[in-house]
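**Student:** Below are the structure tokens for one structure; questions will follow.
The values are calculated or read from the model by the stated rules, or taken from the named source; none is laboratory data. Bear in mind that the values here come from a model prediction, so they are computed numbers and not experimental data. Positions of Cβ are backbone-derived with ideal geometry, glycine not excepted, and every protein chain shown enters the neighbour counts. Areas reflect the complete protein model, heavy atoms only, side chains present, ligands, DNA and RNA absent. Shrake-Rupley method; radii C 1.70, N 1.55, O 1.52, S 1.80 Å.
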Amino acid sequence: MKRNEFIKMTGLSAGTILTGTAFTGLLSGLSSCKKGHGMNTKPVIVNEGSFTKLLAFPAQAGANHTLTAQVTRTTVSGFTIPVLGYQQNNLLGPTFRVNKGDAVNILLQNNLSEHTNVHWHGLKIPALMDGHPDQIATAGGTFRYQFTINQRAGLSWYHPHPHEHTGKQVFQGLAGMFLINDAEEAALNLPSGAYELPLVLQDKRITSGGIPYNPGEEEVMAGFMGETMLVNGVDSPYTEVATRYYRLRILNGSNARVYNLAFSNNADMIIIGNDGGLLKNPVTVKDILIAPGERLDVLVNFAGLSIGTDVYLTSKEFSNGGDAQGKQGFKIMKFKVAVSASDSFTPPATLSVIPTLTAASAVKTRTFNISNEMEHRGMRMEMTHRINGKQYDGSRIDEFVSANTNEVWVFDNSKGDEPHPMHLHGVFFQVLQRSGGRNQLTAAENGWKDTVLVMPGETVRVLVPFENNTGKFVFHCHNLEHEDDGMMLQYQLS
Ligand code: C2O
Ligand code: CU
Ligand code: CU
């Protein structure tokens with residue numbers, strides 16, 4: 001049986017022969033399991049830790065660096081276990097910090113016993129440097145990534161992208177952040193140094209033997225989630241803060257889990273940026289969803305809190321997330337107010353200039369059905385993750401796009417049961433509209449995006465300015481189990 005065949009036969013195994021009343025009962029069960037209640041995927045409940053471990057930050061790296069993908073050992077959640085790393089004794093790779101205009105030269109040394117590569121998620125770089133699943137470092141081999149930073153300030157990230165192995169390699173530890181700075185951002189005098197905190201949020205399954213990655217059929221449906229929340233590779237951490245503004249650079253580096261971020265004291269989250277860098281203006285909210293692959297740039301003010309106060313970054317319950325997401329509220333990390341500080345910073349009213357692109361500028365509209373309904377296949381209920389009914393095939397170009405044109409891309413999950421964070425390589429887009437489900441854009445969906453969350457019942461339209469970065473790129477669902485299951489296609493820009 002293929003792992004992507006999901007059998008909906010309550011209490012029956014694939015080989016069971018059905019006769020008489022059992023068969024009739026099964027048929028009536030099947031006819032009622034169309035949309036919405038067919039999957040039986042379950043939430044994976046997060047076990048909150050004690051928030052007594054100090055938050056750590058990955059080492060910083062510059063534009064010239066070697067990443068060594070390797071099996072290494074680290075201590076996490078009380079176990080010293082083998083994990084995958086880009087450096088010794090760490091789950092995450094270094095945080096790159098470079099300036100706009102820099103020439104980057106990064107050597108991937110693959111010391112794994114399987115192939116891997118690095119995708120630079122959020123970087124607008126040539127197709128052959130992008131970490132396309134075709135562009136691979138074989139076991140023991142290398143791949144040299146050379147490109148120029150040709151884009152505005154923002155938080156990008158990097159992770160492996162070998163087809164059918166991405167989920168495993170990321171879950172077991174391979175990922176890192178990539179920060180770009182520029183003069184426009186510097187002029188805003190945003191909180192920096194100790195007051196700018198890069199935070200990678202990941203849920204993991206951790207045992208005394210390692211980080212097992214073995215999704216069953218239902219976990220391919222829902223995506224692979226873990227019981228332990230890590231921030232920067234530390235389970236349930238805390239950090240001490242001063243009574244002033246902080247800038248949180250947040251990446252959802254999880255395989256599948258969506259978070260509804262909020263502070264336990266109901267503090268304002270001032271959203272100043274997202275996947276593609278700064279927004280035009282700050283937007284203040286109390287909570288915000290972040291899906292796998294998405295980034296948030298958030299200001300939070302701890303001024304006025306008394307020393308000794310604990311404030312938690314939490315994920316609140318949310319609806320619309322299908323059977324497996326949003327069912328639980330939990331704490332992610334603790335900010336311990338420890339130092340009083342004077343702070344003259346106020347969030348600037350204007351952050352950046354962003355042209356508003358309209359649908360009228362598009363020369364073409366492409367619609368992608370991502371609903372992936374459960375289907376009756378004889379007595380089986382089967383669902384594979386597809387886009388327009390197609391599964392990833394590296395030898396097939398699915399969409400031919402003309403350089404220097406704008407297009408509208410429509411992701412239609414109106415009949416679907418699962419959240420799909422849809423991601424395009426090689427471009428940033430603007431979100432035009434969401435209909436169905438939440439029926440509106442979130443505070444973090446202004447400006448430039450490379451990943452957009454399409455919840456069950458939703459149809460999301462984005463405007464993509466394809467420039468002249470020609471070549472072959474993938475686009476896919478960033479639920480990594482869905483991606484590895486084939487929910488990925490290719491476009492060729494020429
Ligand atoms: Cu972050 Cu193609 O992915
Ligand atoms: Cu990407
Ligand atoms: Cu998906």
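**Student:** State the three equivalent ellipsoid semi-axes of the chain, derived from the C-alpha gyration tensor as the square roots of 5 times its eigenvalues, in descending order and whole Å.
**Tutor:** 34, 27, 24
**Student:** In nm, what is the difference between 0.36 nm times the number of residues separating residue 414 and residue 142 and their Cα-Cα distance?
**Tutor:** On the way: separation 272, 0.36 × 272 = 97.92 nm, distance 4.27 nm.
Answer, rounded to one decimal: 93.6 nm.
**Student:** When the Karplus curve 6.51 cos²θ - 1.76 cosθ + 1.60 is applied with θ = phi - 60°, which whole-Hz ³J(HN,Hα) does each residue of region 404-413 get, with x for Gly and Pro?
**Tutor:** 6, 10, 9, 9, 9, 10, 10, 9, 9, 10
**Student:** In percent, how large is the relative contact order of the chain, given Cα pairs closer than 8 Å and 6 or more residues apart? Could the numbers behind the result be given before it?
**Tutor:** Values: 1354 pairs, mean separation 80.0, N = 494.
Once divided by the residue count of the chain, the mean separation gives 16 percent.
**Student:** Tell me which of 282, 384, 355 sits at the most positive position along the dipole axis of the chain, charges placed on C-beta atoms (Lys, Arg +1; Asp, Glu -1).
**Tutor:** 282
**Student:** Send over the semi-axes of region 56-186's equivalent ellipsoid, whole angstrom and largest first, taken as the square roots of 5 times the C-alpha gyration tensor eigenvalues.
**Tutor:** 24, 18, 12
**Student:** Ignoring ligands, DNA and RNA, what accessible area per residue does region 296-439 give at 1.4 Å, in Å²? Each step should come with its number before you reach the end.
**Tutor:** On the way: 6020 Å² over 144 residues.
Roughly 42 Å² per residue, with all protein chains present.
**Student:** Taking the Cα centre as origin and putting +1 on Lys and Arg beta-carbons and -1 on Asp and Glu beta-carbons, what dipole magnitude results for region 359-493, to the nearest 20 debye? The partial results should precede the final answer.
**Tutor:** Working: 13 positive and 18 negative charges, 73 e Å.
The calculated dipole for region 359-493 is roughly 360 debye.
**Student:** So how far, in whole Å, is the C-alpha centre of region 147-204 from the one of region 281-356?
**Tutor:** That distance is 17 Å.
**Student:** Follow-up. Could you work out what % of the accessible surface of the chain is carbon and sulfur, using a 1.4 angstrom probe and leaving DNA, RNA and ligands out of the count?
**Tutor:** Its accessible area is 48 percent carbon and sulfur atoms.
**Student:** Along the charge dipole of region 131-271, Cβ charges K/R +1 and D/E -1, which of 169, 155, 223 sits furthest on the positive end?
**Tutor:** Farthest towards the positive pole: 155.
**Student:** Moving to a separate point now. What does the charge dipole of region 340-393 about its Cα centre add up to, to the nearest 20 debye, if the Cβ of each Lys and Arg holds +1 and the Cβ of each Asp and Glu holds -1?
**Tutor:** Details: 6 positive and 5 negative charges, 65 e Å.
With only Lys, Arg, Asp and Glu charged at Cβ, the dipole is about 320 debye.
**Student:** Taking only protein heavy atoms into account and a 1.4 Å probe, give the accessible area per residue of region 56-186 in Å². Write out the running numbers ahead of the final one.
**Tutor:** On the way: 4620 Å² over 131 residues.
In whole numbers, region 56-186 has 35 Å² accessible per residue.
**Student:** Okay, next question. For a quick check of your reading of the filter: which GluC sites (Glu not before Pro) in region 442-494 sit in a DSSP loop and have no more than 16 other Cβ atoms within 10 Å? Intermediate results must be reported in sequence, preceding the final value.
**Tutor:** On the way: sites: 445, 458, 467, 481, 483; in loops: 445, 458, 467.
Passing both the DSSP loop test and the Cβ count: 467.
**Student:** Is the C-alpha gyration tensor of region 359-493 telling us rounded, prolate or oblate? Criteria: a/c under 1.5 is rounded; beyond that, a/b larger than b/c is prolate, otherwise oblate. Intermediate values should be presented prior to the final figure.
**Tutor:** Working: a/c = 2.06, a/b = 1.28, b/c = 1.61.
Since a/c reaches 1.5 but b/c is at least a/b, the shape of region 359-493 is classed as oblate.
**Student:** Rounded if a/c is under 1.5, else prolate if a/b is larger than b/c, else oblate: which is region 145-270, with a ≥ b ≥ c the root eigenvalues of its Cα gyration tensor? If you can, show how the numbers build up before the last one.
**Tutor:** Working: a/c = 2.37, a/b = 1.41, b/c = 1.68.
In terms of gyration-tensor shape, oblate.
**Student:** With the cut-off at 20 Å, tell me which of the pairs 390/415; 53/204; 53/168; 286/331 have Cα atoms farther apart than that. Walk me through the numbers before you get to the answer.
**Tutor:** Values: 390/415 17 Å; 53/204 17 Å; 53/168 26 Å; 286/331 15 Å.
Result: 53/168 exceed 20 Å.
**Student:** Once Lys and Arg get +1 and Asp and Glu get -1 on their Cβ, which of 408, 479, 425 lies farthest toward the positive end of the dipole of region 359-493?
**Tutor:** 408
**Student:** Taking 0.36 nm per residue of sequence separation and subtracting the Cα-Cα distance, how much length would be gained by fully extending the chain between residue 164 and residue 395, in nm to one decimal? If you can, show how the numbers build up before the last one.
**Tutor:** Details: separation 231, 0.36 × 231 = 83.16 nm, distance 1.53 nm.
My answer for the length gained is 81.6 nm.
**Student:** Report, for the chain, the % of DSSP beta bridges that are antiparallel, rounded to 5. Numbers along the way, then the final one.
**Tutor:** Numbers: 89 of 124 bridges.
Taking every DSSP beta bridge within the chain, about 70 percent pair in antiparallel fashion.
**Student:** Given axes a ≥ b ≥ c from the Cα gyration tensor, I'd like to know whether region 299-382 is rounded (a/c under 1.5), prolate (a/b larger than b/c) or oblate. Kindly include the intermediate steps, with their values, before the conclusion.
**Tutor:** Values: a/c = 6.33, a/b = 1.49, b/c = 4.23.
It comes out oblate by the Cα gyration axes.
**Student:** Where Lys and Arg each count +1 and Asp and Glu each count -1, what net charge lies around residue 245 among other residues with Cβ under 15 Å from its Cβ? Mind showing how you got there, number by number?
**Tutor:** Numbers: positive: 244, 247, 249; negative: 196, 268, 297, 343.
With Lys, Arg at +1 and Asp, Glu at -1, the net is -1.
**Student:** How large is the accessible surface per residue of region 234-279, computed with a 1.4 Å probe and reported in Å² as a whole number?
**Tutor:** On the way: 740 Å² over 46 residues.
With the other protein chains kept in place, region 234-279 gives 16 Å² per residue.
**Student:** Would you work out the charge dipole size for the chain about its Cα centre, treating the Cβ of every Lys and Arg as +1 and the Cβ of every Asp and Glu as -1, and quote it to the nearest 20 debye?
**Tutor:** Details: 41 positive and 45 negative charges, 43 e Å.
Once rounded to the nearest 20, the dipole reads 200 debye.
**Student:** What angle do you read, to the nearest 10 degrees and between 0 and 90, between the alpha-carbon axis of helix 20-31 and the longest principal axis of the chain?
**Tutor:** 40
**Student:** Region 328-404: which GluC sites (Glu not before Pro) are DSSP loop and have at most 15 other beta-carbon atoms within 10 angstrom? Please report the intermediate quantities before stating the final value.
**Tutor:** Numbers: sites: 373, 375, 382, 399; in loops: 373.
Filter output for region 328-404: 373.
**Student:** Let me ask you something else. Under 5 Å between amide H atoms, partner at least 5 residues away or on a different chain: which partners does residue 448 have, H built in plane at 1.01 Å?
**Tutor:** Residues meeting the criterion, in which the H sits 1.01 Å from N, are 276.
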